[in-house]
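Below is one structure, written out as structure tokens; comments come after it.
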Amino acid sequence: VGWWLAWILLQMEQEGVTVKGSPHFNPDPDAETLYKAMKGIGEWMSADLPAEGCASLGSVPPLGAVGVLTLCTPAGTNEQAIIDVLTKRSNAQRQQIAKSFKAQFGKDLTETLQSELSGKFERLIVALMYPPYRYEAKELHDAMQGLGTKEGVIIEILASRTKNQLREIMKAYEEDYGSSLEEDIQADTSGYLERILVCLLQGSRDDVSGFVDPGQAVQDAQDLYAAGEKIHGTDEMKFITILCTRSATHLMRVFEEYEKIASKSIEDSIKSETHGSLEEAMLTVVKCTRNLHSYFAERLYYALKGAGTRDGTLIRNIVSRSEIDLNLIKCQFSKVYGETLGSMIAGDTSGDYKNALLNLVGSES
């Protein structure tokens, strides 16, 4: 039974992935393609060959080159070649391409891409080059830099990741920034928002057993009602404790029991009892508990809807979910909003940025 369940889970996981990588992968030609695609580097040619527009240089030729070499005048960055390689490789394959690029050409691939590209397209391509946990650590770090904290980014990541994922993010954060993620959140937020974020960071909601104690679920529902609707004012810590330390399967039962007692949904009670970032954090926990794919579909929809695109949210969620469950998010997106994620991206973005996003999203079949 164990192997059969593992096989089913693997199939479900594969079904959600939009970026599966190249089946016949070799990092060396990919690194060479990227090298040639970038104008600032140019292209070494043998002096025996016709070299129109090339000027002889006194610099040292690359390792393994024979005879006198000339450096061709760059013809401009080939963005499409960059898109074709990096959006069609898995993250693990991109890391191997970066190693090959460094070994062959003595340059850091991510830094070279940054120097050659610009704007939203650069932001997307650079995001693809980060290992997953380092990317999410970077997003959290960036959210706490400068004036004003982007609480929405922190809430999104902490409420939607598993305990193991959070542990890896914290480890990557400490390695890259030399400080504790928990301590930085505590320094950058305050009050009940700080408490719920720190509580979420512990990852106490994971419970793979799926066990639910019906009596405890009823008790939790009664405690939530007593902490909110039943009294004048709100006992926020009771809400935080239950929402952040109970498993998803248990909370689903709590929400059912709560509705029976309060004659309203837990979402409605949170909206009437709290406000601002604390309300957003609590509602995000509820949304991720009810349906994680619906939550991400909603994030993507509102990133694209209306005047202006929230590019940070769009890039982060497409890049971070492309090798996990983006296909399932796309299904939920179409079901809830009546149009495809791809069509909304096509209508709201343009150029190389649009083409790269659509490659990552994949077909809508």
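The values are calculated or read from the model by the stated rules, or taken from the named source; none is laboratory data. Remember, it's a predicted structure, so these values are computed and weren't measured experimentally. Every residue, glycine as well, gets a Cβ built from its backbone with ideal geometry; the counts of neighbours run over all protein chains shown. Each accessible area value is taken on the protein alone, full model and side chains, heavy atoms only, with ligands, DNA and RNA left out. Shrake-Rupley method; radii C 1.70, N 1.55, O 1.52, S 1.80 Å.
Just one of the listed residues (Glu116, Glu122, Glu151, Glu111) is farther than 26 Å from Gly351 by Cβ and either in contact with a Ser or Thr (Cβ under 8 Å, 6 or more places away or on another chain) or at pLDDT 95 or above (or both), namely Glu151.
The helices (runs of 4 or more DSSP H) located wholly in segment 1-102 that include 3 or more residues which are at pLDDT 50 or above, within 30 Å of the chain's Cα centre (by Cα) and over 30 Å from Leu292 (Cβ atoms) occupy 27-37, 79-86. Examine segment 323-334 for a residue that is touching a residue at least 40 places away in the same chain (Cβ under 8 Å) and hydroxyl-bearing (Ser, Thr, Tyr), and state whether such a residue exists. No. Here Ile315 fulfils each of the conditions (1) among the hydrophobic types (A, V, I, L, M, F, W, C); (2) at pLDDT below 95; (3) within 24 Å of Leu197 (Cβ to Cβ) apart from (2).
Comparison of Arg321, Arg290 shows that the only residue that is among the basic types (Lys, Arg) and buried (at least 17 other Cβ atoms within 10 Å of the Cβ) is Arg321. Here Glu136, Glu122 are screened, and the one residue that is assigned to a helix (DSSP H, G or I), charged (D, E, K, R) and under 12 Å from Ser320 (Cα atoms) is Glu136.
Within segment 236-252, does at least one residue satisfy the condition of being buried (at least 21 other Cβ atoms within 10 Å of the Cβ) and of a type in the set (Ser, Thr, Tyr)? No, because not a single residue in segment 236-252 is buried (at least 21 other Cβ atoms within 10 Å of the Cβ) and of a type in the set (Ser, Thr, Tyr). Of all the criteria given as (1) at pLDDT below 95; (2) farther than 27 Å from Met38 by Cβ, the one not satisfied by Glu182 is (1). Of all the residues in segment 185-199, those that are within 19 Å of Asp142 (Cα to Cα) and part of a helix (DSSP H, G or I) number 8. For segment 253-269, a residue qualifies if it is surrounded by 18 or more Cβ atoms within 10 Å (Cβ to Cβ) and at pLDDT 95 or above, and the qualifying residues are Arg253, Val254, Phe255, Glu257, Tyr258, Ile266. When we screen Ser334, Ser363 for residues that are of a type in the set (Gly, Ala, Ser), in a helix (DSSP H, G or I), open to solvent by 20 Å² or more (accessible area, probe 1.4 Å) and at negative phi, the only hit is Ser334. Taken over segment 114-133, residues that are farther than 23 Å from Tyr173 by Cβ and crowded, with 17+ Cβ neighbours inside 10 Å amount to 4.
Among the residues making up segment 151-169, those that are out of contact with any Asp or Glu (no Cβ under 7 Å at 6 or more places or on another chain), closer than 12 Å to Gly203 by Cβ and not basic (Lys, Arg) are Leu158, Ala159, Ser160, Asn164, Gln165, Leu166, Glu168. Would you be able to tell me the number of residues in segment 343-354 that are buried (at least 18 other Cβ atoms within 10 Å of the Cβ) and part of a helix (DSSP H, G or I)? Final tally of qualifying residues: 4. Inside segment 101-111, residues that are closer than 19 Å to Val319 by Cβ and crowded, with 19+ Cβ neighbours inside 10 Å make up a count of 1. Remark: pairs (first residue in segment 123-141, over 16 Å from Leu360 (Cα atoms) and touching a residue at least 12 places away in the same chain (Cβ under 8 Å); second residue aromatic (Phe, Trp, Tyr) and in a helix (DSSP H, G or I); Cβ separation under 6 Å; 6+ apart in sequence or on different chains) = Ala137/Tyr173; His141/Tyr177.
Out of all the residues in segment 292-302, is one or more in contact (Cβ under 8 Å) with a residue 60 or more places away in the chain, among the acidic types (Asp, Glu) and under 25 Å from Ile345 (Cα atoms)? No, segment 292-302 has no match at all.
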